[in-house]
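Since the structure comes first, as structure tokens, the remarks are kept for the end.
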Amino acid sequence: MDLDADTVAVLRRLKSGQVEDQLLMGAGWQNDTDLVFTMRDGRSWHPDVTTKAFRRLVDTGHVPRIRLDDLRQTHATRLLATGANVKFVSERLGHASVAFTLD
């Protein structure tokens, strides 16, 4: 499954902004991983920062409280429900085996 055009456009804008940050930071730029979602100096976000930001969004969005990992599981479930190949879903999630995905 490919990303839709709107998502690709957003990711390209983020990457473009990151290039601007890199130019501004010069030698202070610390990203050698090619990540798109980083702090202004290129370092990756600590997982706790991402989790807390997600919780704030859920709390202000007036939606049922879910964990960030629940999004991955929902994504996998929805892919499988639409007929996506189990091997594809397993690889997309980074699972070691199809059996783990199906479990």
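The values are calculated or read from the model by the stated rules, or taken from the named source; none is laboratory data. In this text the structure is predicted, and so the values were computed from the model without any measurement. No Cβ is skipped: glycine too gets one built from the backbone with ideal geometry, and neighbour counts run over all protein chains shown. Surface areas here come from the heavy atoms of the whole protein model, side chains and all, with no ligands, DNA or RNA. Shrake-Rupley method; radii C 1.70, N 1.55, O 1.52, S 1.80 Å.
For this structure, a couple of remarks:
- Members of region 1-60 that are part of a loop (DSSP other than H, G, I, E, B), open to solvent by 90 Å² or more (accessible area, probe 1.4 Å), closer than 30 Å to S90 by Cβ and not hydrophobic (A, V, I, L, M, F, W, C): D2, D32, D34, H46
- Residue check for R56: modelled with pLDDT under 90, of a type in the set (K, R) and out of contact with any strand residue (DSSP E or B) (no Cβ under 7 Å at 6 or more places or on another chain): no
- Residues located in region 78-103, provided they are open to solvent by less than 90 Å² (accessible area, probe 1.4 Å), assigned to a loop (DSSP other than H, G, I, E, B) and more than 18 Å from L68 (Cα to Cα): G83, A84, S97
- Residues that are hydroxyl-bearing (S, T, Y) and either open to solvent by less than 60 Å² (accessible area, probe 1.4 Å) or not in a helix (DSSP H, G or I) (or both), drawn from region 61-77: none
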